[in-house]
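In what follows, a single structure is set out as structure tokens and then discussed.
The values are calculated or read from the model by the stated rules, or taken from the named source; none is laboratory data. These numbers come from a predicted model, not from an experiment. With ideal geometry, Cβ positions are generated from the backbone for all residues, glycine too; neighbour counts draw on all protein chains shown. In case anyone asks, the SASA skips ligands and DNA or RNA and just uses the protein heavy atoms, side chains included. Shrake-Rupley method; radii C 1.70, N 1.55, O 1.52, S 1.80 Å.
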Amino acid sequence: EAGVTQFPSHSVIEKGQTVTLRCDPISGHDNLYWYRRVMGKEIKFLLHFVKESKQDESGMPNNRFLAERTGGTYSTLKVQPAELEDSGVYFCASSQAGLRETQYFGPGTRLLVL
Amino acid sequence: GNSVTQMEGPVTLSEEAFLTINCTYTATGYPSLFWYVQYPGEGLQLLLKATKADDKGSNKGFEATYRKETTSFHLEKGSVQVSDSAVYFCALEDSSYKLIFGSGTRLLVRP
């Protein structure tokens, strides 16, 4: 069974540009989460989808971040326009339907904003 | 609010040494607790978990016991290997089912 995949693995952009990160969850997983780790600090929650619906987006830092999950399958996280403080590693995780199911993480996308 | 505190790294050990990485938490109720590991160049992997007080999670020789009285979930391994070199993250699952992580502890095991 394929795990959670993320694309790209690395992205280097200039301040003010737009970047779109993609996450493909494990097939059949209804829950999809985005997290990020900024500057070696703790990993912080961004948002949670259940199928195509946003269940919890309390961790989204501001309106420059837009997440979508088309058809309840893959998800994208767009940052527009990117700022220096957005640099970090963005992780995606998925879990089976229901609550308190183990979250399986992808390898992350390392974003550097110059 | 909910939070997780784990010991600062890096932790440097010789092969076959005993490992302890401390983790304490603050939470309402009794959340599930986790240890995740990130090996170089890879994503986060679930190492072990415990869902209620006094539960012991174990995997690959690592163990952690859910201690309600001390609000702790320390990670231990009796004999570390070079291949255990990684970053270890302690986490709790809050009432909204999202994970709250500690800052991570880098472990370096030397031959």
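Whose amide H sits under 5 Å from the amide H of A:Asp56, counting only residues 5 or more places off or on another chain, with H placed in the peptide plane?
A:His48
For B:Lys49, go through the aspartates and glutamates and keep the ones whose alpha-carbon is under 19 Å away, minus same-chain ones fewer than eight residues off.
Here the aspartates and glutamates satisfying the reach criterion relative to B:Lys49 are A:Glu42, A:Glu101, B:Glu63, B:Glu69, B:Glu76, B:Asp84, B:Glu93, B:Asp94.
Leaving out ligands, DNA and RNA, and with a 1.4 Å probe, what % of the accessible surface on chain A is carbon or sulfur? Can you show the working numbers first?
Numbers: 2820 of 5770 Å².
Here it works out to 49 percent.
Among B:Tyr30, B:Tyr97, B:Tyr66, which one shows the biggest mean-square fluctuation in a GNM of chain B, springs joining Cα atoms closer than 10 Å?
Sorting by GNM fluctuation, first place goes to B:Tyr97.
Once you've got the GNM for chain A with C-alpha springs shorter than 10 Å, pick whichever of A:Arg37, A:Arg64, A:Arg100 has the biggest mean-square fluctuation.
Evaluated over chain A, the most mobile residue of the options is A:Arg100.
Cut-off under 20 Å on the C-alpha distance; same-chain residues fewer than 8 positions from A:Lys15 excluded. Which lysines are left, in chain and number order?
Excluding near neighbours in sequence, the set is A:Lys78.
State the extension gain, in nm to one decimal, for the chain segment bounded by B:Lys56 and B:Ser83, taking 0.36 nm per residue of separation less the distance between their alpha-carbons. All intermediate terms of the calculation are to be shown ahead of the outcome.
On the way: separation 27, 0.36 × 27 = 9.72 nm, distance 2.31 nm.
Working it through step by step, the gained length comes to 7.4 nm.
Quick one: Cα centre-to-centre distance for the stretch A:58-100 and the stretch B:1-30, in angstrom?
Value for the Cα centre distance between the two parts: 27 Å.
For the stretch A:19-31, just list the computed ³J(HN,Hα) in residue order, Karplus coefficients 6.51, -1.76 and 1.60, θ = phi - 60°, integers in Hz, with x standing in for Gly and Pro.
Using θ = phi - 60°, the values come out as 9, 10, 9, 10, 9, 10, x, 5, 4, x, 7, 7, 8 Hz.
When DSSP assigns beta bridges and you keep just the ones with both residues in chain A, what percent turn out antiparallel, to the nearest 5? Please list the in-between numbers first.
Numbers: 34 of 38 bridges.
Approximately 90 percent, going by the DSSP bridge assignments.
For the stretch B:61-111, with every protein chain kept in place, what is the accessible area per residue (1.4 Å probe, Å²)?
39 Å²
Magnitude of the Cβ-charge dipole of chain B, K/R +1 and D/E -1, about the Cα centre, nearest 20 debye? Numbers along the way, then the final one.
Details: 10 positive and 12 negative charges, 25 e Å.
Here chain B has a charge dipole of around 120 debye.
Go through the stretch A:29-46 and flag every residue whose accessible area shrinks by 40 Å² or more with all protein chains in place compared to the isolated chain (probe 1.4 Å).
A:Arg37, A:Glu42, A:Ile43
Using modelled backbone amide H atoms (1.01 Å from N, in-plane), which distant-in-sequence or interchain residues come within less than 5 Å of B:Ser103's amide H?
Sorted by chain and number, the residues that satisfy this are B:Gln6.
Among the listed pairs A:Lys54/B:Lys52; A:Lys41/B:Lys98; B:Lys56/B:Lys98, give every one whose C-alpha distance is greater than 20 Å.
Details: A:Lys54/B:Lys52 29 Å; A:Lys41/B:Lys98 17 Å; B:Lys56/B:Lys98 22 Å.
Violating the 20 Å Cα-Cα cut-off are A:Lys54/B:Lys52; B:Lys56/B:Lys98.
In square angstrom and rounded to 100, what buried accessible area do you get between chains B and A, total over both, with the probe at 1.4 Å? Don't jump to the answer; show the numbers that get you there.
Working: alone 6000 and 6590 Å², together 10950 Å².
Separately minus together, B and A give about 1600 Å² buried.
For the protein assembly as shown, what D do you get in µm² per second when you plug the Kirkwood radius from alpha-carbon pairs into Stokes-Einstein at 20 °C and 1.002 mPa s?
On the way: Rh = 18.0 Å.
Taking Rh from Cα pairs, D becomes 119 µm²/s.
Of the accessible area of chain B, with the probe set at 1.4 angstrom, what percent is carbon plus sulfur? Mind showing how you got there, number by number?
Details: 2420 of 5180 Å².
After summing per-atom areas, the C and S share lands at 47 percent.
Taking chain A as a Gaussian network, Cα atoms linked when under 10 Å apart, which of A:Thr76, A:Thr18, A:Thr102 shows the biggest mean-square fluctuation?
Looking only at A:Thr76, A:Thr18, A:Thr102, the largest GNM fluctuation is found for A:Thr102.
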